[in-house]
1. Kindly provide the set of residues from segment 143-174 that are among the β-branched types (Val, Ile, Thr) and in a helix (DSSP H, G or I), ordered by number.
2. Take segment 175-195 and flag every residue that is part of a loop (DSSP other than H, G, I, E, B) and either at positive phi or in contact with a helix residue (DSSP H, G or I) (Cβ under 8 Å, 6 or more places away or on another chain) (or both).
3. Can you tell me how many residues within segment 174-194 are open to solvent by 20 Å² or more (accessible area, probe 1.4 Å) and touching a Gly at 6+ places or on another chain (Cβ under 9 Å)?
4. Could you tell me which residue of segment 83-96 is farthest from the chain's Cα centre (by Cα), considering only residues that are free of Cβ contacts under 8 Å to residues at least 60 places away in the same chain and either open to solvent by 30 Å² or more (accessible area, probe 1.4 Å) or closer than 20 Å to ARG47 by Cβ (or both)?
5. So ASP39 ticks every box in (1) assigned to a loop (DSSP other than H, G, I, E, B); (2) open to solvent by 50 Å² or more (accessible area, probe 1.4 Å); (3) farther than 23 Å from GLN114 by Cβ; (4) touching a residue at least 40 places away in the same chain (Cβ under 8 Å) but one. Which box is left unticked?
6. Could you tell me whether any residue of segment 258-275 is within 23 Å of LEU97 (Cβ to Cβ), over 19 Å from the mean Cα position of the chain (by Cα) and open to solvent by 30 Å² or more (accessible area, probe 1.4 Å)?
7. How many residues are within 19 Å of the chain's Cα centre (by Cα), in a loop (DSSP other than H, G, I, E, B) and not basic (Lys, Arg) if we restrict to segment 69-82?
Amino acid sequence: MQLSVSAQTLKQLKALNGYWSFSVGDDLEWRLPNHNFSDWDKIYVGRSWESQGYDGYNGYGWYKIKVDLPVGMSKNNLILKLDGIDDADEVYFNGELIGQSGTFPPNVETAFNQIRKYTIPAHLINSSVPNIIAVRVYDVYADGGIMGDVGIYQDVAESYFLLNLSGSWKFKTGKNNEYKDFSFNDNDWDELRVPQRWDDQGYEYLDGYAWYRKSFNWNNSSISGDVIFVLGRIDDKDIAYLNGQRIGSVDEMKRGPYDALKQDHRALRAYRVPKSMLKNGKNVLAVQVWDEGLDGGIYEGPVGIMSVTAFDNYFAEFEHKKGFWEFFYESIFE
């Protein structure tokens, strides 16, 4: 299990530490926004539940809160960030699962040392009525619950994007090279959230090869030059294809202008693509990933398309200026 170090640059929009509604036990109906939790206990997020009247309790516990988001606030690329959950969790936003870390019984796997960063799909966000966040937690032993900071953030990369590509992607294990092809039928593939480790989405023991595919529409005629496909951080190696044509790999990228002196799994993927490779209308981005052990997949953003100028500015501001000790910390503790 890798210790989690946050490299993605986030801006806090709303802090959510404080008292949440809480109940021990487990019922998936509790995730629903119309579930009445007015009679639940109140405990403080940021401290263990053992320290708040549930001493010695191990098992399931649920946290819920109503959250108002301002009318007019951008709904794009919002991230719910949760620190210090012991041991495993599932997080629901207005009733829909947006992320999970660790695994629940019968095959329990802890994720207590991971920082959770779950993208909130824009279509789930309400501006006119409160949003309901529900967090299902399973504690194996000792302290349990949400013991760190919680908040809603926005990735600063959002203002640099021409097109945000985070969200639901198609996913399949294996090495079949036909998976890169534009016309390949991926209707029966699983759907995974990107960015997020595949280990937390049903593939906790997967090492080796797997493929991601994302279909998207493109009609940005105002861009005259090349664009940059930013594919976040990938554990461990990757080869990316646009409409069946190879656009880059981590090994090629790290020999180019965007080498940030990092290990493969910490390098921000950035592949320069001629605008002519993009079709008007539907396009398909395919990414072959190889994981050599532990965590795997496209696990951290930003993920999307930027102009060359926008990416150069983003890279200079948030990647290239990192100092020696930041690189040293990442190389030692990840």
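The values are calculated or read from the model by the stated rules, or taken from the named source; none is laboratory data. For clarity, every value in this text was computed on a predicted model and none was experimentally measured. For neighbour counting, all protein chains shown are included, and Cβ atoms are generated from backbone atoms with ideal geometry for every residue, glycine included. Heads up: the accessible areas ignore ligands, DNA and RNA and are worked out on the full protein's heavy atoms, side chains in. Shrake-Rupley method; radii C 1.70, N 1.55, O 1.52, S 1.80 Å.
1. The one that is among the β-branched types (Val, Ile, Thr) and in a helix (DSSP H, G or I): VAL156.
2. First, pick out the residues of segment 175-195 that are part of a loop (DSSP other than H, G, I, E, B): 175-176, 181-189, 195.
Listed by number, the residues that qualify are PHE184, ASP186.
3. Qualifying residue count for the region: 9.
4. Kept after step one, since they are free of Cβ contacts under 8 Å to residues at least 60 places away in the same chain, are these residues of segment 83-96: 87-91, 93, 96.
Keeping just the survivors that are either open to solvent by 30 Å² or more (accessible area, probe 1.4 Å) or closer than 20 Å to ARG47 by Cβ (or both) gives 87-91, 96.
On the way: ASP87: 18, ALA88: 16, ASP89: 14, GLU90: 13, VAL91: 12, GLU96: 15 Å.
Result: ASP87.
5. (4)
6. Initial filter on segment 258-275 (within 23 Å of LEU97 (Cβ to Cβ)): none.
Scanning segment 258-275, I find no residue that is within 23 Å of LEU97 (Cβ to Cβ), over 19 Å from the mean Cα position of the chain (by Cα) and open to solvent by 30 Å² or more (accessible area, probe 1.4 Å), so the answer is no.
7. Keep residues of segment 69-82 that are within 19 Å of the chain's Cα centre (by Cα), which gives 74-82.
Among the residues that remain, those that are also in a loop (DSSP other than H, G, I, E, B) are: 74-77.
Narrowing further to those that are not basic (Lys, Arg): 74, 76-77.
Going through segment 69-82 one residue at a time, the tally reaches 3.
Here's the yes/no breakdown for (1) within 14 Å of ALA134 (Cα to Cα); (2) of a type outside the set (Ser, Thr, Tyr); (3) at pLDDT 95 or above:
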site	(1), (2), (3)
ASP26	yes, yes, yes
ASN34	yes, yes, yes
SER48	no, no, yes
PRO70	no, yes, no
ILE85	yes, yes, yes
GLU96	yes, yes, yes
